[in-house]
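Notes for the one structure printed next.
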Amino acid sequence: DKIGYDAWLRYASIENGELREEYRACCSVIVITEQTKLLHTAARELAEAVGAMTGHKPEVTSVRDRQVPSVMIGIKGKGDTDGLGDEGYTLQTLEGGQEEAECIAIIGVSDRGALYGAFHLIRLMQMGEPINKLQVKESPANGLRIINQWDNMDGSIERGYAGKSIFYDSGGFVKDFTRIRDYARLLASTGINAISINNVNVHREETKLITAEYERTLSKVADVFGAYGIKLFLSINFASPIAIGGLQTADPLDPEVRKWWAERAEDLYRAIPDFGGFLVKADSEFRPGPFTYGRDHADGANLLAEALAPHGGLVIWRCFVYNCLQDWRDRSTDRAKAAYDHFTPLDGRFADNVILQIKNGPMDFQVREPVSPLFGGLSHTNQVLELQITQEYTGQQKHVCYLVPQWKEVLDFDTFAAGKGSTVDKIASGALYNRPYGGLAAVSNIGDDACWTGHPLAQANLYGYGRLAWNSALSAEQITTEWIRLSLGRDPVTEDVVSSILLRSWGIYESYTSPLGVGWMVNPNHHYGPNVDGYEYSKWGTYHFADHQGIGVDRTIGTGTGYAGQYHTQPSEIYNSLERCPDELLLFFHHVPYTHVLQSGKTVIQHIYDTHFDGVDAAAGLLAAWQTLRGKIDNAYFELVASRLTEQSEHAKEWRDVINTYFYRKSGIDDRQGRLIY
Ligand code: GCU
């Protein structure tokens, strides 16, 4: 019943005797010379890992015996470790001499850096790497590496597909924090350093999280995360001054409102000295915000920034702002344009401790979207890239859909904002414009499900997110290999099979769902399963405009909504051109007849038929591939994945038949291969 609970911190006993002996010998004692909470965490984690993997749990001491091989965990302090930010570390094997035994030194710039160093050493041993010649120097590419929980205090999780919340139950916090602590371990081991613990849609009870009522519990939660170097953030309700403050207004320029927020911040920091700050969804999908008072998002964000600044707190302000009450008859409004239109005019007006959180695409975490043009539209504003680990539109953790390759494409996308090489990763990290803050944010995919993520293979998305947030230059292949070795062991056949399943899964999911970048075509509200016209006449602004002749959204500059013009020249010209626009995004940018010939040489309609038939075969292939691993993987784990892949394989047929039938009936064009379409 604990299938997959340890995830990538599963410390299987090392089978290779020589290696096991090497690890045991190198790590027989762990020395921490300074006594800080994080160094204690680091020592304890390392001791446990070594104990489980070698059968000999090292002793942790504060004095080094030079004759005994040991691991030293310490802090060097800024200045000494050139080029490493304050979360960096070095890992070094110091050769012994006559009087002195060999030693592995894990030296962090801060104690948080040292903790990351300890997890690095653990990872090397899990991977079966030698540790007798270490020369590692690491520091994170991104300052902020945050996870957003969309948990509600009633225990539900918005867009959660892995059970109930591990934080809340029936309107309050859970009593037992064991799971929260184990979650903190998993996150810290990948380098996550911040978490917001309540849904961005802040309901009634959650609005009170910033009041005295929750201070004590919150400070305990903050301690649990704090022991793993993770800062606590809260999502707040912009209308709190009215909802819980007894004020008549939440106008960001009102002196009483400003005073009220300043007092809340003071109280919070008294209870939680290392509190991170606020995450805010305002004027978005019926959430209150500054628009009510004729103010803009800079006014709104700066209000909170002013309250948090004296304590070093941050405001993370989301850019998911659009008109969700659109009339489908109105062809001039394009939801894709909204974030750019709202936020680029405000560039430079946000306080220094405000960070804008921008979704990867202009719509909403579809299986395929272009990169949001807002990256490239702001040069005087701190930004973080928001990703969705929870698989809302990508199979809801019933289907396997490994998103690391998608995220890599986003991070590598060149905006050309400051010339060639202005990639999203450099904008998000803050490097391109030398911003003080930047990083990655992502919506979590975990719940109280035994394996955390519903589908055991969905753990790879959480792991991959953390690793990319730490180092966006890592390849999808490398992250995949790591996750497999850590979670499933080091059998080469298993590694081949599982990495091929993971690395193909996004493309396969895309192939049997909505075609060529047009998106949506899902059932309204819960967003699972095919429904081609599910959002076609809705107010959410999510259309495909399919008729008997063709399909797609004309977002070109000349005849369309002009969205393609929100990019810099280079990408703009490509997207705007019917000939040059990449096939996978064609219908996002262009409305074309079904007979339009793609760069692949196929017509649009034949592409739809082919990908949907092939996609179903490929989904069946994922199951078949997994079946070959029977006996190589823990049986319960094996069966759980097999049952999910079976469900996926069946559900893919539903997608295929609904999509193919719809377009066959609309277009009247036969499948060239004469396959069964209903
Ligand atoms: C999507 C999702 C919502 C969520 C929203 C957001 O629209 O369906 O559940 O609240 O994104 O990111 O705020």
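Here are a few things to note about the model shown:
- For region 308-321, residues that are more than 16 Å from the ligand (Cβ to nearest atom) and crowded, with 24+ Cβ neighbours inside 10 Å total 3.
- Checked against the criterion of being touching a residue at least 12 places away in the same chain (Cβ under 8 Å), more than 21 Å from residue 201 (Cα to Cα) and touching a Pro at 6+ places or on another chain (Cβ under 8 Å), the candidates 293, 340 yield just one match: 340.
- Of all the numbered requirements in (1) modelled with pLDDT of 95 or more; (2) part of a loop (DSSP other than H, G, I, E, B), residue 99 misses one, and that requirement is (1).
- Some residue of region 199-221 being within 16 Å of the ligand (Cβ to nearest atom), open to solvent by less than 20 Å² (accessible area, probe 1.4 Å), part of a strand (DSSP E or B) and within 20 Å of residue 353 (Cβ to Cβ): no
- Within region 565-585, the set of residues being part of a helix (DSSP H, G or I) and either under 26 Å from the mean Cα position of the chain (by Cα) or charged (D, E, K, R) (or both) comprises 566, 571, 573, 583, 584, 585.
- One residue stands out among those in region 264-301 that are assigned to a helix (DSSP H, G or I) and within 26 Å of the chain's Cα centre (by Cα): the one that is farthest from the ligand (Cβ to nearest atom), which is 298.
- Residues located in region 29-52, provided they are farther than 30 Å from residue 454 by Cβ and either touching a His at 6+ places or on another chain (Cβ under 7 Å) or β-branched (Val, Ile, Thr) (or both): 29, 30, 31, 32, 33, 36, 50
- Between 428, 450, 442, the distinction of being in contact (Cβ under 8 Å) with a residue 24 or more places away in the chain and open to solvent by 10 Å² or more (accessible area, probe 1.4 Å) belongs to 450 only.
- Each residue in region 1-33 was checked for being more than 30 Å from residue 636 (Cα to Cα) and surrounded by fewer than 13 Cβ atoms within 10 Å (Cβ to Cβ), and 1 of them qualify.
- For the condition crowded, with 17+ Cβ neighbours inside 10 Å, more than 30 Å from residue 415 (Cα to Cα), acidic (Asp, Glu) and more than 14 Å from the ligand (Cβ to nearest atom), residue 256 does not qualify.
- Here residue 638 meets each of (1) in a helix (DSSP H, G or I); (2) closer than 30 Å to residue 370 by Cβ; (3) free of Cβ contacts under 8 Å to residues at least 24 places away in the same chain with one exception, condition (2).
- If you go through region 165-189 and keep only what is crowded, with 17+ Cβ neighbours inside 10 Å and assigned to a strand (DSSP E or B), you end up with 168, 173.
Residue-wise test of (1) of a type in the set (Asp, Glu); (2) more than 12 Å from the ligand (Cβ to nearest atom); (3) over 20 Å from residue 282 (Cβ atoms); (4) in a loop (DSSP other than H, G, I, E, B).
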residue	(1), (2), (3), (4)
323	no, yes, no, yes
327	yes, yes, yes, yes
358	no, no, no, no
371	no, yes, yes, yes
374	no, yes, no, yes
380	no, yes, yes, yes
395	no, yes, yes, yes
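- Note on region 337-356: among residues that are assigned to a helix (DSSP H, G or I) and away from the ligand (no atom under 14 Å from the Cβ), the one that is surrounded by the fewest Cβ atoms within 10 Å (Cβ to Cβ) is 345.
- Counted residues, region 544-577 - those being surrounded by 20 or more Cβ atoms within 10 Å (Cβ to Cβ) and either at positive phi or within 16 Å of the ligand (Cβ to nearest atom) (or both): 1
The values are calculated or read from the model by the stated rules, or taken from the named source; none is laboratory data. Not measured: the values here are computed from a predicted model. Glycine also receives a Cβ, built like all others from the backbone with ideal geometry; neighbour counts cover every protein chain displayed. With ligands, DNA and RNA removed, areas are computed over all heavy atoms of the protein, side chains included. Shrake-Rupley method; radii C 1.70, N 1.55, O 1.52, S 1.80 Å.
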